Structures are given as structure tokens and as C-alpha cells.
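For reference, the structure is listed below as C-alpha cells.
The values are calculated or read from the model by the stated rules, or taken from the named source; none is laboratory data. Everything numeric in this text was worked out from a predicted model, so none of it was measured. With ideal geometry, Cβ positions are generated from the backbone for all residues, glycine too; neighbour counts draw on all protein chains shown. Quick note on the areas: whole protein, heavy atoms, side chains included, nothing else; ligands and nucleic acids left out. Shrake-Rupley method; radii C 1.70, N 1.55, O 1.52, S 1.80 Å.
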2 protein chains.
Amino acid sequence: MADPKIEEILAPLRACVKEQGDLVRKLKDEKAPEIDIKKAVAELKTRKKILEDKELSLAPTEELFDRSKMEDLIKRRFFYDQSFAIYGGITGQFDFGPMGCALKSNMIQLWRKYFILQEQMLEVDCSILTPEPVLKASGHVERFADLMTKDIKSGECFRLDHLIKAHLEKIKSEKNTSAELKAEIEDILVKLDGMNSDEMSALMKRFDMKSPISGNELTPPIEFNLMFNTQIGPSGLVKGFLRPETAQGIFVNFKRLLEFNQGRLPFAAAQIGNSFRNEISPRSGLLRVREFTMCEIEHFCDTKDHPKFESVKNTQMLFYSADSQEQGRPAEVLTIGEAVARGTVNNETLGYFMARIHLYMIAVGIDPKKLRFRQHMGNEMAHYACDCWDAECLSSYGWVECVGCADRSAYDLTQHSKATGTRLAAEKKLPAPKQIEVVEAVANKAAIGKEFKKDAKAINDGLAAMDSTALEQLQEKLDSDGEYVLNTPNGDFKLTPKLVNVKKSQKTIHVEEIIPSVIEPSFGVGRILYCILEHNFKMREGDEQRTYFSLPATVAPMKCAVLPLSGNTEFQPFVRELSQELTSVDVSHKVDDSSGSIGRRYARTDELGVPYAITVDFDTMKEPHTVTLRERDSMGQIRLPLQDVPTIVRDLTNSKILWADAEAQYPKFEQQENVKGAAA
Amino acid sequence: MADPKIEEILAPLRACVKEQGDLVRKLKDEKAPEIDIKKAVAELKTRKKILEDKELSLAPTEELFDRSKMEDLIKRRFFYDQSFAIYGGITGQFDFGPMGCALKSNMIQLWRKYFILQEQMLEVDCSILTPEPVLKASGHVERFADLMTKDIKSGECFRLDHLIKAHLEKIKSEKNTSAELKAEIEDILVKLDGMNSDEMSALMKRFDMKSPISGNELTPPIEFNLMFNTQIGPSGLVKGFLRPETAQGIFVNFKRLLEFNQGRLPFAAAQIGNSFRNEISPRSGLLRVREFTMCEIEHFCDTKDHPKFESVKNTQMLFYSADSQEQGRPAEVLTIGEAVARGTVNNETLGYFMARIHLYMIAVGIDPKKLRFRQHMGNEMAHYACDCWDAECLSSYGWVECVGCADRSAYDLTQHSKATGTRLAAEKKLPAPKQIEVVEAVANKAAIGKEFKKDAKAINDGLAAMDSTALEQLQEKLDSDGEYVLNTPNGDFKLTPKLVNVKKSQKTIHVEEIIPSVIEPSFGVGRILYCILEHNFKMREGDEQRTYFSLPATVAPMKCAVLPLSGNTEFQPFVRELSQELTSVDVSHKVDDSSGSIGRRYARTDELGVPYAITVDFDTMKEPHTVTLRERDSMGQIRLPLQDVPTIVRDLTNSKILWADAEAQYPKFEQQENVKGAAA
């Protein structure tokens, strides 16, 4: 990987990161005040960013990538475009046209094969509209928010951290700002990431921040929850959200899925569907949007070894561990077997999924040189995760998180168990029976019903959900005060020894109840799709105007094009027959009988990423009937019998044979393609 | 079809419908007052309903259908169940478990093949969140509503027509209600369907209606729009809805799709995705829900003949035309060719799609005897349709609309053109060039810009959108009054001759601009899925407890099960090998190595609708290795070499070979299945 010259330039930057990484560790070891740790982490991030930017700028670029050229092609051939464009468009929403939609649907179909079929996962399809209590339990109502501020007159919104940063950087750059203030601002910027609402509010006041657009006053910081809300049903009383992830639908169905799997662990459930996040300022095309398709897997397990790990252990991947990041070391290539053996990756199950993710990404057309697995550092994990590796793809926007592979531990199942009183747990047979002390609440349900009426259920559920520690406290209180106050979702209730008691007893058990851990690979389909397009965007040598997508046949929007050489009606029966035959072997294709030279039409199919083109010409009409088959990337052509074409194209696009095999089997067809200016 | 005895019973009811149908026609011909027509239509509907109920009650039932038994199986094996059940559930929302999800996804996959691949349609994938102006233009903001009333204390909601009907029927049934009042109530009930908000409000007052649950006062009628609303973006100012149908996403992209199709008509676009309707009172399981998957096609065309009609013209289908309904005649079996030739179905394009819908429905497992095409009568069409045939499936809930096939004419494209000023039209080459008079507004854009600033665009767009009649009025006004008031979305503006003039000129044109008609087949996936389950729910002869789904292999959730005879570890390598081989030929399957007799496990795979089961037993271990293959519906078994199984099962499930072929090829395997009580 490493070029010694580049490494020489990077060495001081690496040292600079390492120094700060060591400081962070030291502070953590010393249990230093949290604010000091936060400050040190923020500085560490800044240094990491400088190192990473330098690394990217020095990396050898194979070819020039011209984003505007690609975006033009994407728009012109309607891979995707802004939604409701004739109405002025909506930021953060995109419509996939025929080519983008086919690409997306092929990616999903392959995903289904790779994960659901091959791993025999349980696929589910759950509701998007989600009632509030579910997302309260999962922590999203409270924590899935960003801070923002509004222009008090126009109502325009700004993400608060972005606004403060821009404002302070402007002051810092002004000539008449004192050196003292500049230093202070630097210090603030470093701390900004970890600041709470009050701290940011104080900054707004101190620096008298106004709307950067209108100059109007701004509101105090507002916690803006990123979930779209609505009301379910006509009463307007049932608050609901559009789900921000598909995962919760799986967690709330855990019991039924476990039952479907005949009570056994491990098993994985998967879901493909749309999620919604009301981003304050969507940007970067498909990379930050308000509505997006996810493919999520929740693998429920009680041990972390994996029976199929052996089958992937030699997969080579690029790892960028939290440790490497803190120590300023570059990402390193290892086999997943080595990474697990060294402890870089925590366990086989996590490792197995990471390898499978890697293989899937390569299969759909991600450039393996532009794919890395980066581990989250302790301070950047989502509220539910205890370890997380992101599959990141290098794009013109930098490294983009495309797949998250998180260890959510037992967080979600525990939360939903607490919220509903339904035990979301599995039973595991013990190696030998065990004597245990059972502590349980013995409720006088009749008396509770009589005294609390409609709240009785909440009370009984609350009692049933108490663990042994809580039950001991309950008994102590009843003994000492003669009453115990139980908190329930319906309010607080006083319970007396007449209503409840705590019973201890011995019991022989053969199984133990366990709340499984969850490993969650979560794929952002739109982000992967965008990176596939970038990684496969090519220009013909010597003709920059002639651009195309070298998409793998598995995901290409169509597998082939059928092109009659001209509008001659005698070609039509052959074109029709070919089209029917291709349909009968499930090869998606497009007949392009529009006017325009054959070179121009090849260029058009290239732009669509179509890997093969079949040309019907005057020789086709002679017996035996033959046609030309052209491969997109090499532009090589062969001549073969008409009746061979459908199966050859099917086998080529299913990777059953290679283009080289076809070239070996049939004579080459030599004819100069009119390359120059053909793309117009 | 017709049984003379049954027809004898039905004859007077048919006459009764015909009499009323004739009356409706007469009133329409005479241009009678609308209220009289409405009343007559309502009475016609009532008579139709009586006839239809009688017809259903007399129809020969092949087998007893026990809905509760089927629902038990659906729930127990988690085909689907109420969403968020551990939180108490939400009405009108369902989660599909592994079996339901696989069935649904196979249905969609086949749909994609039948329609998108075979017809080379342009598939798109558009946003769910839709800004208000789009749905204003489509008419949904104004017209997609039901009337309801609320309990003023509890906030409980009632669909107003349901509430009034129940209230009046109760009064009518009371002993001390006078004969006079009873007659009047009958009259009201007949008219209820066509009443507006004020009329219903008057009824509520007159009969002093209260909440039937609490007895509290009720609010006046409220128009309740069935779309879920939310805000897009953080400002709270951009109102949006969850789309009530996927169609609008296609219409707003018409221009780009036409361009993708190189400007040529006809072409069809298709979309598969979720839509949302906030039903006031969801019911009947999957049949009336708040969130559902649709597959929609919009076929844009300028002529109504269809090049592939020939290929389907002999398809036999059951037609129930508007005319038959009005005349009390039964539905009739015709080929689609006859139906179009007779004018029962208006044109080839509509007919082609109806036949394709029919074939698809049969392929996914709908019983052809329980499938009919019913034409909407004039008074029941959606606001955008000018003709509509529904594919209806007979279920235990009666005839259920599963697919709508509507002629939306140019309604939607016209509406969006008006709303945006973007011409959503195609160009068609004229047979010969034509001289036409062109009338156009000549706007002084500089002057308009200066005078109206930010409103200039709205004014220019408004002028550009005027047709020739409007332009002539504009000129007249300018001539007579020296000014013209233009209505725009930004308000009204006075225009003077300095700002705008109308120019007439002669022009030779080679193309004409046409707004295409739209034929829209629209599939409700959940409803079809439910009907498939009903039509394929079976009981084993002689054992009512042993129920199963005889799903066609194409859509069955899994294609086969692999069952080791017992927990003997020597079976494991064979099971593993089989599983790998099945995976490599893309056959979805499940290994069921749970304890339980083989008969019990067969019963379980039958319940899941799995068509084939492979059993590994002691004979498998002998050379040559053989296994048993069992077919679900016949319970027939054959013995075949292990290595033959994967391709045989693949070919069976792809309908390449029939079970009879397999039975002819391999020896029968005779062994009594333990049938009784095995399902437990």
C-alpha cells in the first residue's frame, strides 16, 4: 500500500494524531473531568481530519473524475433526479428513473440472494407508520434530534452547530480580531462538537449571532427531532412517526420470529424498506436525503462464534480500527481471519458479516481499492450501539458510510421488554439442571382490580416486570413503611401488603432465559448506488465526451440492447424474434430502433451501463442467420448464430461464462466503431 | 354457468333490477333533476345488492371455508399479524412475517416479470412524501375525503354515513315508530349515499343523534381528508402528505419518461411501492388498511389499438359490464376478443391489460372461478376516471376489488400542466404538414419584471399557459378596458397593453401536440395476497385439523423443505450438502431438523404452503445415495438419487416439468403418512 515518499510527508501528521490519541487515553485512564476528555477528543478528530485530507490529496489518482460530467449523464439519462422537479423540487428527495430504478432493484435482488436466501434469514415487511410509544422505548423520541435555530421573522432554519461554526470562523478570519479572541475562538471550535444546548445558547448571545441570510434575530436553540410526525386515525390523538430505521419492526416482532424459528438461537431477520429522516439541511445528492431505502439485518445470538466463519476467513479487506485512528496509523489490509485472531475485530459473527458485506459490495460494483471498514471510536457511537464498523466507500465527497455493522447488544429488546411488560427473551437449555432462588411478586389481583380499576393492568404489568433487586426493595419498603409507591406509565400508585407480597422460593431449572445480543448490518441502498455509479463512471480513451458506466452485468439496468442497423423493415422480424427469445430466458433488454448511426446508439447503450449489444444487419438476413454481439468495456465484437444469442447473453450476464470464453468460441467481428463525437 | 333452478329463483330479482335500471336510463335521457337520478341510482344499488347476495347464497360451494381456522393458521405461522402487537396494536396496519413477506415478494417478482420485463415498461421509484401543490393539482386535497363526526368529549370519531344509517335503522326497527316515519326513513336511507354535508347535518339535528358509545354530543360533519399529513423540513412551513397512490410520481415525471422513450408514444411506466390512506375505520383484515403496497402501471397512448392484442384475444374471462348490472343480467364468460368486438370492453388497449391482469391473477394462485371483471357504473367512478373495470375476487367477505383498470384519459397530465405551466404533452408527426393560425401572448418581459419583481415569473407562466380562447378574451379586455386582470397563484395582477399583447400568425406545422390518454392498471398487493390465501386454503380429506395452503410453487414462500428423518448426526452431511446445492440453483428452502415425527413435520411444511419436501433417511446413507421427494397437494412421494434433486426441484418450481413427469421418471415411494392429528 504505502509509498515511502508519501509516508515521509504524512509522518509528522501521523505523529501529531498519535500524540493526541495518547493524551485522550491518558485522560480516560485518569478519569479526568469529562469536559477535558471531550476537548481532547475534539482536537483528536481535527488532527485526524487533517491527516485524512492530506492522505487523500496524495493518493495516486488512476483517472480524473469529473463529477459534473457524471451528474449530467445521470440527469440526462434519468438514472435519478430531484422529486417533483416541475413543482420546483424538494431538497433531499429523489425519484429514480427507469435506469436508476432497475439498478436499485437489481442491487436489492442480489442482496436478497446473498443474505436472505443463502443465509436462510427470516425476511419481514413491517409498517412504516410507527406509534410514539415504540420510538419512545427505542430512545428515538428523546435522542434522535439535532439542535437548530430559526429566523424569528422568516422562519428559516439553521443547524445550530453549522451556524455557530460559520459565524466564529468569520470573526476569526477578520483582520481586526485580537490574537486573544482568535485563540479563544479556536478553543471554542474544538469544543463545539460536545456542547449542549445551554452552552450553544450562551455563545449565540455572547457573539450576538443573527441570521446569516436576513440579519434577523434568531430563536434560542430548539431540539429538532429528525422524525417526521403525523397522526394515525381520524381523532388526531394517536401520535405516530415515519420510522427512522426499519430495525424496530423486527425487534417488536422478536417473540413471533423466535417462535417461527422454533425457539432456537441464533437466527437472523431481515427487512428491506423505506425509512425517513427530516434532515435540517439535506445535501450531497443521494448521500443525505429525507427518504431512503435500507436493507437491514438483525442477527440474534447468544454466542459470538459463527459456523460459517471458516468459509470467509481468507477474505482480504481494509481495516481502519479505532486504535489505528487514535494512533495516527493508516488503515491496513488483513484477511478477516487475521483480524479476528488479532482481536482487531471483536468476534467471528461480526467478522463473518463484515466479510459478507465486503463480498456483496464487490459483487455490485464497488471498487475494492475504494472500500474500507472503519471502526467507530467510543465517542461517535449511536445511543444503542456498543461496537460498530462502517463499510465506507471513497467518493468525490470523501469516505462515505454505506453500510453500518453495529453490535446493538441487548439494548433494544431490553427497552421494549421494559416498555411493554412482554419478556423479549429466548430460553437456552442448561448443560445441567440448576437450583435457583426465585423472587417474585405475589399480587392480589382481585384486590388490585377493585381498588385501581382501569389502572390495575398497568400495576400488574409493573410488578411482573420488576427484577429481583427491585423486588427486594419492594419488600423492604412494605416492611418498613407499610406501603410502596409503584411508578407506572399510568402514574404512581401506593401499594400495601394487602395488595402485594414478595415470595422467595427454590426452584430447579433446566433452561435459562437470555436476552440475545444483536449484530446489525444495515445497508443504505442509495448511498451504495451512488458510489457504484462513481466507481464505474468511465471515459473512452481519447474522447472525453464519450462517457459510460462500466456496471457489472448483475446489477446493470438492462442486460443487453437489440439494435437493427437501420430502419429497414426487413430487420423487424429478426428483432422481434430476438426480443421474444431474450424475454423467455429472462434477459432484460431494450430494442433501440431509433434513427441514428449504430455508433451513436452504441454510445447511448454504453451511457446506460448496458453490458451487451446485439446488432441485426444485412448479413443477418442471409442463411445461416447471424448477428453481432458487442461487449461494452472492451468494445470487442463477435459474430454468432442468431439462435445462440439468448443463452450466450444469459450465461454472460449470470457470470456463467466470461467474455473471453465467448470470444474463444466465435469469430471476431472487425469493424471500426465511429468513436469520435458519437455520444451527442 | 347458469343452473336453471337457481335462475328461476333469481328471475324476479333480476327483473326488479332491470326495472330500476330502465328507470335510471329514462331519467338520465330526460335530463331529470339530479336528486331524482341520485335517488333512483341508490335504489338500483340496493336492488343489485339484494340480487348479488342471493346469487352468492345460492352458488354451489365446493368446500366449506372456515375463516377463523385460516386466520388461526395465518397468525400461528406468522404469515402476517397486527403491527406493534406487543404495544396493543394499531388497527389497519399489518406486519408480514417470513412466510407472508416471501409470498408477497414472490408475487411482486412475478409481477415485475409479467409486466415490466415482458412489456419493457419503464419502472420508476418515486418519493412517498409529496408536497401539497402536487396533490392539490391531482384533486386529492379537495376530494379525497370522507365525512365524519366526533364525540365532543372523548374525541372518538365515526364515519358519518355509517353512523346515520345505524341510527335510522334502529329507529325504523322500534315498535312504536309510526308507519309514516318508517316509510320516510326508508326514503332517507336510499338517498343517503348521495347526500352532502349540509343534508347530513340536518338529519343529525332532526333525529338528535348522539354518540352511540358514550351518548355525548357530536360535532357537526367534518370533511376528513384521508391523506396522512406532515411537514417536510424543519421550518414546519412546507406541508406534505404521504402519497395516497403511486401514480402521481409517474405523472409528474412524464416529460423525462417521454424523453427517455425518445419522444415516442405509446409507452408504459410502472411503479411498485407503498401508499397510505388514513381510513376512519379500517376493517376486514388486509382488505382495508392504512398502509399498503401497490403495483401501478400508467400506459400513455394516443390510439387505443394494441399490437399484442392478438396474442391474448382467446383468453376466457368473466365480464360483468355496467350494462349487465343495470339490466339485472348475470356476469358472462367471453373471450377478451369477443368482449372488445362486441364493445363490452371499449378498446384493445384496455382489453389487452385486462387479459394480462387475468393471466397474472391465475398465475399467482387466484381461482379462475372466483375472478370476475366488473365495470364501474357511471356514478361510482373516481374523480379522475372516465371508464374503469375492476378485477374482483370472490372471498368470504364477498367480491373484493383487487385490481383496478381505469381509463384516466388526459385528466392528470392536464391538471399538472395547468398547475406548473409545464406542458406535459407529446408531439406526433402529422400525415401531412398543416397551416394553422397561432395565437400567442407577446409579453414585454423587461417591463413586467420591472413592475412586478418577484411575481414576474408567475405572470409570465400564467400568460404562457393561456389557450387561444383565453388569449382572445385577454385581447378583448385590453381593447375595451385598457387592462386585463390575470389570476396567478401569487394573486391577481392588472396587465396593460404596454405589458402584453396578443399576436396572431400563420404557421406551417409538421407535428401536433397531444396530451396522451392514460390506461391505469393498479394492483393492491395485500388484497390479492389475502384472496390467494383464501382460494388456496385446504383441509386434508378426513382430517379437518390438518389444514394447508396449496400455493402455486411460483409464489410459495419457500420452494422446498429438507427434513432429516431424525436427529441422527449421520444425516447431517447429507442435509448440509443438499442445502448448499439447492442454494446454488437459487431454490429457497428451509431445513427442518427439529424433533417431531416426519408426518408432523410434513404437516408443518404443508401449513407454510411449501410445495416439496425432501427427506433424508437411513437409505440415503447407502450407495447410491437416494432421498424421498414429496409433493404437497397429492402427498405423492418418489425416490430419486440425491444428486438429481436440486435440478428436479428447481425445474418443478419453475414449471419446466410437472409432478407427473417426475413421477413417470422415478419410482414411487410408498409409505403411509401418519395423517391423523399430525398438525398439532
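Here are some notes:
- Compared with its chain on its own, region B:141-156 contains no residue whose accessible area drops by 40 Å² or more in the full protein assembly (probe 1.4 Å; ligands, DNA and RNA excluded).
- Distance (nanometres) between label positions extended 7 Å along Cα→Cβ at B:T219 and A:Q671: 7.1 nm
- Mean accessible surface per residue for chain A, computed with a 1.4 Å probe while every protein chain stays in place, in Å²: 45 Å²
- Trypsin sites (Lys or Arg not before Pro) restricted to DSSP loop in region B:251-346 with at most 14 other C-beta within 10 Å: B:R264, B:K308
- A simple rule links phi to the HN-Hα coupling: the Karplus curve 6.51 cos²θ - 1.76 cosθ + 1.60 with θ = phi - 60°, which for region B:410-418 gives 9, 3, 5, 4, 4, 4, 5, 4, 4 Hz, with x for Gly and Pro.
- Placing unit charges on each Cβ (+1 for Lys and Arg, -1 for Asp and Glu) gives chain A a dipole about its Cα centre, and among A:L463, A:C560, A:M107 the Cα reaching farthest toward its positive end belongs to A:L463.
- Solvent accessible area, Å² - B:D387, 1.4 Å probe, full protein context: 30 Å²
- Each residue of region A:450-456 is assigned a 3J(HN,Hα), and the resulting list reads 5, 7, 10, 6, 5, 8, 4 Hz, derived from the Karplus form 6.51 cos²θ - 1.76 cosθ + 1.60 (θ = phi - 60°), x at Gly and Pro.
- Between B:D66 and B:Q506, the modelled label-to-label distance comes to 8.4 nm, taking each label 7 Å out from Cα in the direction of the beta carbon.
- Pairwise label distance in nanometres, A:A470 with B:A59, each label 7 Å out on the Cα-Cβ vector: 5.3 nm
- With every protein chain in place, region B:20-175: carbon and sulfur % of accessible area (1.4 Å): 52 percent
- Shielding score for B:113-123, defined as the mean number of other chain Cβ atoms within 10 Å: 4
- Using a 7 Å Cα-to-Cβ projection, B:M635 label spacings across copies, nm, ascending: 6.7
- Site-free segments of chain A were taken between GluC sites (Glu not before Pro) in DSSP loops having at most 10 other Cβ atoms within 10 Å, sites themselves excluded; the longest one is A:175-540.
- Length-normalised contact order of region A:472-535 in % [C-alpha pairs under 8 Å, at least 6 apart]: 20 percent
- Using a 1.4 angstrom probe on protein heavy atoms only, the contact between A and B buries about 7200 square angstrom of accessible area, both sides summed.
- Across all Cα pairs in chain B, the calculated P(r) in 10 Å bins from zero up to the longest distance comes to 3, 11, 18, 22, 19, 14, 8, 4, 2, 0, 0 percent per bin.
- In chain A, Cα pairs under 8 Å separated by at least six residues give a relative contact order of 12 percent.
- Inter-copy separations for B:K428, label at 7 Å along Cα-Cβ, nm, ascending: 7.1
- Within chain A, percent of DSSP bridges classed antiparallel, to nearest 5: 90 percent
- Shown here for region B:594-671: trypsin sites (Lys or Arg not before Pro) in loop regions (DSSP other than H, G, I, E, B) with at most 13 other Cβ atoms within 10 Å, namely B:K622, B:K656.
- Efficiency of FRET between B:E577 and B:R639 - r from beta-carbon atoms, R0 22 angstrom, step 0.05: 0.80
- Averaged over the residues of peptide A:77-88, the number of Cβ atoms from other protein chains lying within 10 Å of each residue's Cβ is 6.
- Residue of chain B whose Cβ sits closest to the axis mapping B onto A, with distance in whole Å: B:T230, 2
- Cα radius of gyration and Dmax for the protein assembly as shown (Å): 34.5, 104
- For region B:155-197, a/c is not less than 1.5, where a ≥ b ≥ c are the root eigenvalues of the C-alpha gyration tensor, and a/b does not top b/c. That puts it in the oblate class.
- Cβ-vector label at 7 Å, A:E7, separations to other copies in nm: 9.4
- Simple rule: put +1 on each Lys or Arg Cβ and -1 on each Asp or Glu Cβ in the protein assembly as shown, find the dipole, and look at A:F65, B:V525, B:Q475; the Cα lying farthest toward the positive end is B:Q475.
- Length-normalised contact order of region B:312-442 in % [C-alpha pairs under 8 Å, at least 6 apart]: 18 percent
- Judged by the ratio a/c of the largest to the smallest principal axis of the C-alpha gyration tensor, region A:187-314 counts as prolate, that ratio being 1.5 or greater while a/b is larger than b/c.
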